[in-house]
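*Asks:* Can you read through this structure? Questions will come right after.
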There are 4 protein chains.
Amino acid sequence: MQTTAATTAEEACFEAGIKFGTLYHQFAGTPVSPASASTLEDAIADAIENQPHCEAVSVTVRTDRLETALAEQSAEYTELTGKFFDVTMQIEYNGCRVQTQMTMDGDYPLMEIVAVESPTDDSS
Amino acid sequence: MQTTAATTAEEACFEAGIKFGTLYHQFAGTPVSPASASTLEDAIADAIENQPHCEAVSVTVRTDRLETALAEQSAEYTELTGKFFDVTMQIEYNGCRVQTQMTMDGDYPLMEIVAVESPTDDSS
Amino acid sequence: MQTTAATTAEEACFEAGIKFGTLYHQFAGTPVSPASASTLEDAIADAIENQPHCEAVSVTVRTDRLETALAEQSAEYTELTGKFFDVTMQIEYNGCRVQTQMTMDGDYPLMEIVAVESPTDDSS
Amino acid sequence: MQTTAATTAEEACFEAGIKFGTLYHQFAGTPVSPASASTLEDAIADAIENQPHCEAVSVTVRTDRLETALAEQSAEYTELTGKFFDVTMQIEYNGCRVQTQMTMDGDYPLMEIVAVESPTDDSS
C-alpha cells in the first residue's frame, strides 16, 4: 500500500459525496405528495447549492411513482425516500469539475460519479 | 389522579404538537442563506400541510437574523435552527381548531398553543 | 365556537405531540440493520428524554420486520421508518400525565394518546 | 479540460463524502446533553457502519463544549451541531482505503481526507 494526500480530483469527489449525503439525509422523511413536490424540489436544490463547491443541483420528484405509491396505501401523502426523486449535481473544486447523479439501481437509490473533468495540464 | 380518554380538544392539541415536532426536526440543519430562505419557507409549509388535520402553516425565515449571524462567521450560509424562523399553524380536528405558534422566548424556540376553539355545545 | 386558552391537560397533550414529531422526523431515514438496532433504540430514548416534560420513552426496533424487509431487497440495511419501530412515551406537565404510543395501524404509523391522568381536584 | 471516468481512489473519496454528509445531516438537531452523549455516539457509529464500504466510524461528543454551551443558556439540553462532536472514519473501496475526519476549523466543522492508501501496483 502507498499512502498519499488526496489529489484535487479526489477532493472534488469527496465534496460531491458530502453534498449527496447531506441532500438525502436532510430531506428523507419529509411529508410529500404530488401537490407539494414542486416546492420541495426547489428548496432542496437551493439549500444544497449553499454548500461550498456546489455549482448546480437539479432535483426531480418522481410524481408518477408518488401517485403509484399513494394509490396502494391509506394516507394521502408519504415520506420522501430515494425512489421518489432523481438528482443531478455538479461540483467544482479548484478547477476540477465532477458530474454526479442519483437514480434508482433496481431497488437501491444509487449515488454515482458520471464524469470527472480536470484541466488538461494538471494530471491530479 | 383520575384517568380518562383524551377529549376532542386534547386530541387536537396532540396533533398540533406532532406537526411542530415534525416541522422542526425534519428541517433543522438545512443549509440556509438569505438567498435560499424563500423556497425553504414554501417547502416547509407545503410539506407539513400534507399531514392529517393540518389546515394552514405559515413559515417566516428571519433573514435579518440570518444576516447578523453570517456577518459574524466564516461560511456564507448556516444551518436552520429555531432562532432563524417563526411559524404559525392552524390544526383542525373533529370540529376543534387549535391556533399555535413558534417564536423565540429569550434563547429558546418556544412552541405554544395560542387558542383552542371548540363548538359551543361541545364542552370537550 | 368558543375560544379559550389551553387547559393543563391540553398543554400536556401538545407537549406529547411535540416529542412524537421530534422522535419520528429526527431519526426517520437512519441507516438501520438488526445489528445496529439496539444502540439506536437507546439513543432515541435518551435523546427525547432530554426534552422538557418528557418522563420516559421506550423504543423497540422491530427486528423481525427488519429481517423480513432485508430478505426482500438487495442492500443489507434499510432506512428507519415507522413500520420498523414501536414507541411508548410518558409526558408529565404541571401534574397532568399523558400516556402515548406509536404502533402500526394497518400501513400507517399511528401516534396516539392512550390515557390522560389528571389530579382529581383539578378539572382542567 | 479532459473528461474521464472516476478512478478507484476517486470513487473511494466519493463514498467517504457520502458517509460524512449522511452522518451530519441525519443526526444534526438531535436533542443532546452530557448525560445522553454516550448512547448517541454509539448509535451514530453503528448506523453509519451499515452503509456500503464503511469500515469504521468513531464519534466523540465533546461534552466539555456541551457543558460550556449549557452554562450559557436557559434549557438543560441543546441540539447536536458540528461544534459538539468529532468524527474519524475509514472507508474501503475496491482495495483503496480512505482515512477521514471532521473537526472544528475555527467556527466551521471541516470534513477532510487525511490520507488515501492505494495498492502499490495499482496507480488508479
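Read-outs throughout are calculated quantities, based only on the coordinates presented, and are distinct from any laboratory measurement. Predicted, not measured: the structure shown is a model, and the values here were computed from it. Because the Cβ atoms are built from the backbone with ideal geometry, glycine has one as well, and the counts that use them run over all protein chains shown.
*Asks:* Determine one quarter of the surface area of the Cα convex hull of the protein assembly as shown, which equals its mean projected area, and express it in nm² to one decimal.
*Replies:* Mean projected area of the Cα convex hull: 23.7 nm².
*Asks:* Follow-up question, since we're still on this one. I need C:THR78, D:THR4, A:THR22 ordered by Cβ neighbour count within 10 Å, fewest first.
*Replies:* D:THR4, C:THR78, A:THR22
*Asks:* Given R₀ = 25 Å, FRET efficiency for C:GLU72-A:GLN101 by Cβ-Cβ distance, to 0.05?
*Replies:* With a Förster radius of 25 Å, E is 0.45.
*Asks:* Continuing with the same structure: Identify the residues of segment A:1-36 with backbone N under 20 Å of a label point that sits 7 angstrom from the Cα of C:LYS83 along the Cα-to-Cβ direction, or state none.
*Replies:* Inside the label zone: A:28-34.
*Asks:* If you don't mind, another one. Within 10 Å of each Cβ of C:38-46, how many other protein chain Cβ atoms are there on average?
*Replies:* Averaged over the peptide's residues, the number is 6.
*Asks:* Who wins for biggest fluctuation among B:SER33, B:SER58, B:SER74 in a Gaussian network model of chain B, springs between alpha carbons below 10 Å?
*Replies:* It is B:SER74.
*Asks:* Let me ask something else about it. I want to check the label-to-label distance for B:ASP64 and C:THR3. Put each point 7 Å from Cα in the C-beta direction and report it in nm to one decimal.
*Replies:* So the two model labels end up 2.5 nm from each other.
*Asks:* Hey, another quick one. Check C:GLN51: other-chain or 5+ apart residues with amide H under 5 Å from its amide H, H built from backbone geometry?
*Replies:* Under 5 Å from the amide H of C:GLN51: no residue qualifies.
*Asks:* Dimensions of segment C:8-117 along principal axes (Cα, Å, largest first)?
*Replies:* 49, 28, 18
*Asks:* B:MET104 label points, 7 Å along Cα→Cβ, one per copy: pairwise distances from this copy to the rest in nm, shortest first?
*Replies:* Counterpart label points of B:MET104 in the remaining copies fall at 2.0, 4.4, 4.4 nm.
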